[in-house]
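Student: Take this structure first; my questions come after.
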Amino acid sequence: MLRLSVAVLVCLASCAVVHHSASGVVRAQTQAAPVLVAVEGTERAVALEPVTRLREPFPFSQPINFGADARTRVMLFARGVELLPGESLSVVSADAEDADGGRHQLSVERVDRVPGFDWMCSVVVRLGDSLAGVSGDLLVGISVRGVASNRVRISLGAEARPDLGAGASLHGRLPFPSDNAWNQDISAAPVDPNSANLIASIGADTGLHPDFGTTWNGAPNGIPYVVVSGAQARVQITFTDYGDESDPGPYPVPANAPVEGGPQGTGDRHVIVIDRDNWKLYELFYAFPESGGTGWRAASGAVFDLNSNALRPAGWTSADAAGLPVFPGLVRYDEVEEVKEIRHALRFTARRTRRAYVHPARHFASSDTSPNLPPMGMRVRLKASFDISGYPPHVQVILRAMKKYGMILADNGSDWYVSGAPDPRWDDDVLRTLRTVRGSDFEVVRMGTIVTQ
């Protein structure tokens, strides 16, 4: 039996947010079918969780009756579920689909109008025994008099369990804690006073370049990654350049781990491994397998605890010039297509950088001290006024992330190159529409202490 300690998604939105769709939550439109309220541009439900009985996102005039037994309830919000005079709850049904495609019936226990929001009702559903042991995202839908609603996502129990393999789906699991710098919502942060000069140094008229996609020059296009289990054998790593700033091995790198640029690649040759059971990230720069993959040599390497906000020692590089992890800044197909939401900042490069870094970066890779050049770790944000409505849906997901979480400068490279993971399912023509977004469409988020030594 599921207990009240099982967690579900809590969307901390104020009643004003719900009343105005432009502030982040979709206000459902009138239509015959019921409509479940979701966070704007996503399938993520606006929901209340029964343990805390939070009074947000809507003010309630009376206590929420979740029931006295030890069952888990979720309160969803919807339009078009009002009961007619004399009708019972039997006209409303609900079900959930888990990550494996299993379907589960949910019991609808209450339907009430939300005080102050006459267009909307709260719907309390109870999770049944069939969901015991199920965790991660659920797709929930309701039906009223046989007419089905849209489906929204809630998070159930433990965090989602990533798949195994190259380019595997994380099923919405977020690397690093929610308050990590990569996962910080900077949409309302102030603009840096030197923003215009910094943007100009990267190229105000230069378009974004998606540095990922399907294939390029016969190799997968982008920075690949592989998800392994905790049982993956660990192998020794020989560091050739930055051993004094690298985390020592062994690393759980498979013999056939994907290499950036392919086996014969001559570029950065990043190798990225996620240990899903221990929730650790292993990254190598300029990596080559040795002795059939029983060992690897690399210019540098770094290990990150994905449950921690710990930074690398000040002045240390990583597999990236800025001393940052690479993986959390990648655009990934599973987020764009499966979750339809990117909940973290993205990684980008610039040709000319400053001999300086700002939080969360830990390392610089330049000798130029000009204050008008960007330091490593600088974060830019797509301007709130930028209209994304004309872009393809997949690109809109990316652009929304650039508005909410921004992009972090992580390496020297071509100007405005946005990093992502390769996947044969990408549509390269769709991704190329990003090129119409110019540097002038961005602004620099105010920086903290700039470290120059």
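The values are calculated or read from the model by the stated rules, or taken from the named source; none is laboratory data. Small disclaimer: the values here were computed from a predicted structure and weren't measured. Counting neighbours? That spans all protein chains shown, and the Cβs are built from the backbone with ideal geometry, glycine included. Keep in mind that these areas ignore ligands, DNA and RNA; they rest on the heavy atoms of the full protein, side chains included. Shrake-Rupley method; radii C 1.70, N 1.55, O 1.52, S 1.80 Å.
Student: Of all residues in the stretch 161-187, which are touching an Asp or Glu at 6+ places or on another chain (Cβ under 7 Å) and open to solvent by less than 10 Å² (accessible area, probe 1.4 Å)?
Tutor: Within the stretch 161-187, 170 is the sole residue that qualifies.
Results for (1) aliphatic (A, V, I, L, M); (2) modelled with pLDDT of 80 or more; (3) in a loop (DSSP other than H, G, I, E, B), shown as yes or no for each residue.
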site	(1), (2), (3)
31	no, no, yes
58	no, no, yes
70	yes, no, yes
123	yes, yes, no
133	no, no, yes
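Student: Would you confirm whether or not the stretch 162-181 contains a residue that is in a loop (DSSP other than H, G, I, E, B), of a type in the set (Gly, Ala, Ser), at negative phi and in contact (Cβ under 8 Å) with a residue 12 or more places away in the chain? Explain how you work it out, then say what you get.
Tutor: Taking the stretch 162-181 and keeping what is in a loop (DSSP other than H, G, I, E, B), we get 162-164, 167-180.
Still in the list and also of a type in the set (Gly, Ala, Ser): 167-169, 172, 178.
Subset that is at negative phi: 168-169, 178.
Applying the additional criterion that residues be in contact (Cβ under 8 Å) with a residue 12 or more places away in the chain yields 168-169.
Yes, because at least one residue in the stretch 162-181 is in a loop (DSSP other than H, G, I, E, B), of a type in the set (Gly, Ala, Ser), at negative phi and in contact (Cβ under 8 Å) with a residue 12 or more places away in the chain.
Student: If you check every pair at least six apart or on different chains, which have Cβ atoms under 8 Å apart with a residue in the stretch 244-266 that is farther than 11 Å from residue 287 by Cα first and a residue that is open to solvent by 100 Å² or more (accessible area, probe 1.4 Å) and outside any loop (DSSP other than H, G, I, E, B) second?
Tutor: Short answer, once both residue conditions are applied: 249/236; 250/236.
Student: Still on this structure, I have one more. Considering only residues that are of a type in the set (D, E, K, R) and within 25 Å of residue 258 (Cα to Cα), which ones fall in the stretch 377-434?
Tutor: Correct list: 411, 423, 425, 427, 428, 429, 432.
Student: Right, another one. Within the stretch 354-365, track down each residue that is touching a Pro at 6+ places or on another chain (Cβ under 6 Å) and part of a loop (DSSP other than H, G, I, E, B).
Tutor: Residues satisfying the conditions are 354, 356, 358.
Student: Then there is this: Output the number of residues of the stretch 434-453 satisfying the condition of being open to solvent by 40 Å² or more (accessible area, probe 1.4 Å) and either in a helix (DSSP H, G or I) or closer than 17 Å to residue 329 by Cβ (or both).
Tutor: Result for the stretch 434-453: 3.
Student: Then there's this: If we scan the stretch 366-377, do we find a residue that is on the phi < 0 side of the Ramachandran plot and either within 19 Å of the chain's Cα centre (by Cα) or part of a strand (DSSP E or B) (or both)? Step through it out loud before you land on a result.
Tutor: So the first thing to find is which residues in the stretch 366-377 are on the phi < 0 side of the Ramachandran plot, and the list is 366-376.
From what is left, the residues that are either within 19 Å of the chain's Cα centre (by Cα) or part of a strand (DSSP E or B) (or both) are 376.
Yes, the stretch 366-377 has at least one match.
Student: Let me ask another. Identify, by number, the condition in (1) more than 26 Å from residue 349 (Cα to Cα); (2) in a loop (DSSP other than H, G, I, E, B); (3) touching a Gly at 6+ places or on another chain (Cβ under 7 Å) that residue 249 doesn't meet.
Tutor: (3)
Student: Continuing with this model, one more query. Within the stretch 261-284, restricting attention to residues that are of a type outside the set (D, E, K, R) and in contact with a Phe, Trp or Tyr (Cβ under 8 Å, 6 or more places away or on another chain), which residue is nearest to residue 170 (Cα to Cα)?
Tutor: Checking each candidate, the answer is 274.
Student: Within the stretch 326-343, which residues are over 17 Å from residue 417 (Cα atoms) and in a loop (DSSP other than H, G, I, E, B)?
Tutor: 340, 341, 342, 343
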